[in-house]
There are 2 protein chains.
Amino acid sequence: MADITIKDVAALAGVSAATASRVLSGNPATSPQSRDKVAAAVIELDYRPNAQARALRSTRSDSIGLLVPDVRNPFFADLAHTVEQAALSEGYVTLLGNANEQKEQQDRYLDTLISRRVDGIIVAPLGDGGGSIRSLIEREIPTVFVDRTIDGIDVPSVTTDSEVGIRQTVQHLAALGHTRIGYISGPQATSTGRDRFAAFTAAVADAGLSQDPDLVYFGDFQAASGSAGLHALLELHDPPTALLAADSLMAVGAIAILHKLGLRIGTDLALVAFDDIEWFALLDPALSVISHSVEDMGRIAVEMLLEVIAGHTPESVVLPSELVIRGSSSLPILPASSRRKN
Amino acid sequence: MADITIKDVAALAGVSAATASRVLSGNPATSPQSRDKVAAAVIELDYRPNAQARALRSTRSDSIGLLVPDVRNPFFADLAHTVEQAALSEGYVTLLGNANEQKEQQDRYLDTLISRRVDGIIVAPLGDGGGSIRSLIEREIPTVFVDRTIDGIDVPSVTTDSEVGIRQTVQHLAALGHTRIGYISGPQATSTGRDRFAAFTAAVADAGLSQDPDLVYFGDFQAASGSAGLHALLELHDPPTALLAADSLMAVGAIAILHKLGLRIGTDLALVAFDDIEWFALLDPALSVISHSVEDMGRIAVEMLLEVIAGHTPESVVLPSELVIRGSSSLPILPASSRRKN
DNA sequence: CGATTCCATGGAATCGATTCCATAACCACA
DNA sequence: TGTGGTTATGGAATCGATTCCATGGAATCG
C-alpha cells in the first residue's frame, strides 16, 4: 500500500510541499500555474490527503461523533440519518457509535471519539454523569445532548417535552372510559424514562384515574422488556384496559405478546406508544402514537453543535410532542363482562 | 482545550516520552517502577492518547469503516449492529457511513474513510466499479463486500443466495393457485436487484406461470417505490393475485397503499417480502418472508475483513435463504369473481 | 532610477506518538 | 578484574500535512 503523499504531488508538479499544501487548502497566495500543475498532479496520482496528519497539525478533523443508545431502535436510526445528512451538508462527516444501552460501551466509544479528536460530539447519554461523560465536559470538548439529558451536567440539549403528549393520551383514554391505564416505563436511569414516568403519574392523578402502582412496569427501552411488561400487567388481579408504552421497541415487544395470546389491539386492550414509527401506521388497527419530530431534533442538534464549536453557548431547545389518535385507541371501553379473560 | 500529551505524562512520571510510550503500548522493556509511575501519571492527568498521531506513525488506526446504503432500512441497521459488536470484541471501532442509496454520497464517504486511513472497509456497494470503489482496490485497502457485489471487482464477499428462497416462494404461491405473481424489483444497478430479479424470472418460467413483463415493477429499494410499484401493478388490466417485494422497505411502501385502498393482505392479495424484519411478524396477518441471517452476515464479514487485513485471501461466502410462510400467503386463491375490484 | 511594497515560493519547524539506535547500568562468568 | 550479554532508558528521526518565516523577483511610486 505505497501511500501517495503531498511530496509526491509536489515533486510531480515541480513545486514544494508547502506550495502544494497551499493550493490544496485554497490559500490565495498561489499562482495560477502552480494551481494548474498541482491539480493535474493530484488527479494523475489519485492523491488523497492523510486525514490523520492534517488533523494533527491543524487541530480540526472536520468530523463529529454521534453516539446513540441503540441503532436498531428506528427512532435512533432516523436520528442518525438526519444528523448525518445535516452534518454532511455543513462539511462534516459523522462517526456513528452504538452504546447498545450499556454504559460501559458508551464509555468505550466516547474514549475513542475523544482520542480521534472529533470536533464535537452529539450524544443521547445514559447513566449518571460519571465515567467518560465527565472527561468530555472537563476537556471542554464541544458536546450537545440529544433526546436525553443528565442531571447536574450543564450541556446544551435538544429534547422532547413528553408531558403534553402524555397528558393528551391519558385524557384521551379517560374520555373513552378507561380508568386503569397500564404503563410500561423506560429505565429510571435515563432522563426520558424519568420524565415520561413523572408525566404519566401526574396526568393519571389529575384525571382521577387509578394510581395503582402495579399498573407500572419498569422496562429498559428494549423489545424484550415490553413483552415482559405486558405479561406482568395481564397477570394482575385487575388488569389494565389500556396501555401506554414509553418507546417504540417496548411497544413492539408488547404487541408480539398480544398477538401470541390472541388478544385484539384496540378492542381487548387500547394501546398507545411513544415515538412515531412509520410501521406503526401499517398495523391493523393502526397504532396511536405520541409523535415528535426526529427531523427537527437531528437538524437542531447539528446546528447547536456547530454553534458550540464556534465558541458560542446556544440555549437548549425543547420540542413539542402530540398525540396522534389511530385505531388502537379509538373505541370506547367495553363493559367488563364482555371482555375476554386471559 | 489544553490537550494533555505524552510529554506531560512523561514529565509527571519523571521519565522520557519514549519510556512512557513503551509503558503504554505494553512493551516488555520497561521496569516495574516506570510502569507504576507512568500508570499513576496517566490516571492523574486523565490522559487520552491522540489517535491521529498514533495512527500517523504506526500506520494502524484500530478502526474499520462500514458503509451501508441506508441506515433506516432495518436490515442494514441490524447489520450495522452486528458488525459493530463483532468488531468491538476484536478491538476495532466501527465508523459507520450512510450512502443513502446514492453513489455520490458513497464516494464521499469512501474518500473520507480512505483519508482517515481506516484499517479496512466493509461495504454494501452500489453502482458500477467506478469512482472511489476503484481507488479502494487500486490502493489495496483491505475491503470486503457485504450483501452486494460488483461485477468485475474481485473482492471477498458475504452474500445471500436469494435463488433458493425465491424459488420456494414462487412454488409456494403457485401451489396456492396463483398464476400471475407481481414482482417489485430492486434496481438493476445493484447485484441483489439483478440476482433476485433473475431468480424470480427463472422460477416463474419453471413453474409455468405468467411471464407477463408488466408484472414486474422496478423500484429502488426504498419505501416510496414500493408504493408506486403497487399502484402500477393494481392498475393493470389483469392485476396480479400475489406479490413479492424484493426488500422490506418496498414491502412497507406497498402495505401502506394496500391499507389505504382497504385491500386485505392475504385475502385480496398474497404478499411475501424479502428480508425478515421483526415487525413483519406483528402485522395482521403476519407477513410471509424470505429470511436470511443478518447476524451470520455481519459476523462473517468482520472475520473476513480481519483475514484480509492480516494479508490472507479468504474465500467468499454465500449464505442460504429460505421461505417462512405466515398468514399473508397461506390462503388458496379466491375465484376471480369473489375478489374485490379496485 | 532607486526605494518600497507585494506576492509567490521554498525551507524549516511543528503537531503527538512511535521506534530505531546508542548508551549506561547491571549481572554473570571466566 | 575484564569481557560479554542483558535490560532499561533517553535522544533523535520519523510519519504527512500545515504554517511561520525568510527570500527573491516583479510591480509601483515618488
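The values are calculated or read from the model by the stated rules, or taken from the named source; none is laboratory data. Nothing here was measured: the structure is a model prediction, and the numbers come from that model. Backbone-built Cβ (ideal geometry, glycine too); neighbour counts: all protein chains shown.
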_Residue under evaluation B:Arg108, criteria (1) away from DNA strand C (no atom under 16 Å from the Cβ); (2) buried (at least 18 other Cβ atoms within 10 Å of the Cβ); (3) at negative phi, criterion not met_ = (2)
*Of the residues that sit in the stretch B:94-129 and are within 10 Å of chain A (Cβ to nearest Cβ) and in contact with a Lys or Arg (Cβ under 8 Å, 6 or more places away or on another chain), which one is nearest to A:Ala53 (Cα to Cα)?*
B:Ser115
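Given the options A:Ile122, A:Ile137, name the one that is at pLDDT 90 or above, more than 23 Å from B:Arg57 (Cβ to Cβ) and touching a strand residue (DSSP E or B) at 6+ places or on another chain (Cβ under 9 Å).
Result of the check over A:Ile122, A:Ile137: A:Ile122.
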*more than 7 Å from DNA strand D (Cβ to nearest atom) and either aromatic (Phe, Trp, Tyr) or touching a helix residue (DSSP H, G or I) at 6+ places or on another chain (Cβ under 7 Å) (or both): does that describe B:Ser61?*
yes
_Filtered residues of the stretch A:13-43 (kept if near DNA strand C (Cβ under 6 Å from one of its atoms) and polar (S, T, N, Q))_ = A:Ser16, A:Thr19, A:Thr30, A:Ser31, A:Gln33, A:Ser34
*Within the bounds of the stretch B:119-131, is there any residue that is outside the structural domain of B:His231 (by TED's automatic domain parsing), surrounded by 15 or more Cβ atoms within 10 Å (Cβ to Cβ) and more than 20 Å from the chain's Cα centre (by Cα)?*
yes
*Inspect all residues belonging to the stretch A:197-220 and state whether any of them is more than 21 Å from A:Val324 (Cα to Cα), among the acidic types (Asp, Glu) and surrounded by 18 or more Cβ atoms within 10 Å (Cβ to Cβ).*
yes
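Based on what the data block shows, is A:Ala246 crowded, with 20+ Cβ neighbours inside 10 Å and aliphatic (A, V, I, L, M)?
yes
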_Given (1) more than 11 Å from every other protein chain (Cβ to nearest Cβ); (2) closer than 28 Å to B:Glu140 by Cα, number of the condition A:Thr30 does not satisfy_ = (2)
*Exactly one of (1) within 9 Å of DNA strand C (Cβ to nearest atom); (2) within 14 Å of chain A (Cβ to nearest Cβ); (3) in a helix (DSSP H, G or I); (4) not acidic (Asp, Glu) is unmet by B:Ala10. Its number?*
(2)
*Under 7 Å by Cβ, and 6 or more places apart or on different chains, what pairs join a residue from the stretch B:24-38 that is near DNA strand D (Cβ under 7 Å from one of its atoms) with one that is part of a helix (DSSP H, G or I)?*
B:Ala29/B:Arg22; B:Thr30/B:Thr19; B:Thr30/B:Arg22; B:Thr30/B:Val23; B:Ser34/B:Thr19; B:Ser34/B:Val23
*For the stretch B:268-286, what are the residues that are at negative phi and either at the interface with chain A (Cβ under 10 Å from one of its Cβ atoms) or within 14 Å of the chain's Cα centre (by Cα) (or both)?*
B:Phe274, B:Asp276, B:Ile277, B:Glu278, B:Trp279, B:Phe280, B:Ala281, B:Leu282, B:Leu283, B:Asp284, B:Pro285, B:Ala286
*Can you name the residue in the stretch A:55-83 that is within 8 Å of another protein chain (Cβ to nearest Cβ) and within 16 Å of DNA strand C (Cβ to nearest atom) and, of all such residues, is nearest to A:Ile133 (Cα to Cα)?*
A:Ser61
*Take the residues in the stretch A:1-23 that are more than 8 Å from DNA strand D (Cβ to nearest atom) and surrounded by fewer than 19 Cβ atoms within 10 Å (Cβ to Cβ), then tell me which one is farthest from B:Arg116 (Cα to Cα).*
A:Gly14
*What is the one condition in (1) loosely packed, with under 15 Cβ neighbours inside 10 Å; (2) hydrophobic (A, V, I, L, M, F, W, C); (3) more than 8 Å from DNA strand D (Cβ to nearest atom) that B:Phe75 does not satisfy?*
(1)
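Yes/no per residue for (1) under 32 Å from the mean Cα position of the chain (by Cα); (2) under 18 Å from A:Gln105 (Cβ atoms); (3) of a type outside the set (D, E, K, R):
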position: B:Ala18; (1), (2), (3): no, no, yes
position: B:Ser31; (1), (2), (3): no, no, yes
position: B:Gln52; (1), (2), (3): yes, no, yes
position: B:Arg57; (1), (2), (3): no, no, no
position: B:Gly65; (1), (2), (3): yes, no, yes
position: B:Ala80; (1), (2), (3): yes, yes, yes
position: B:Ala86; (1), (2), (3): yes, yes, yes
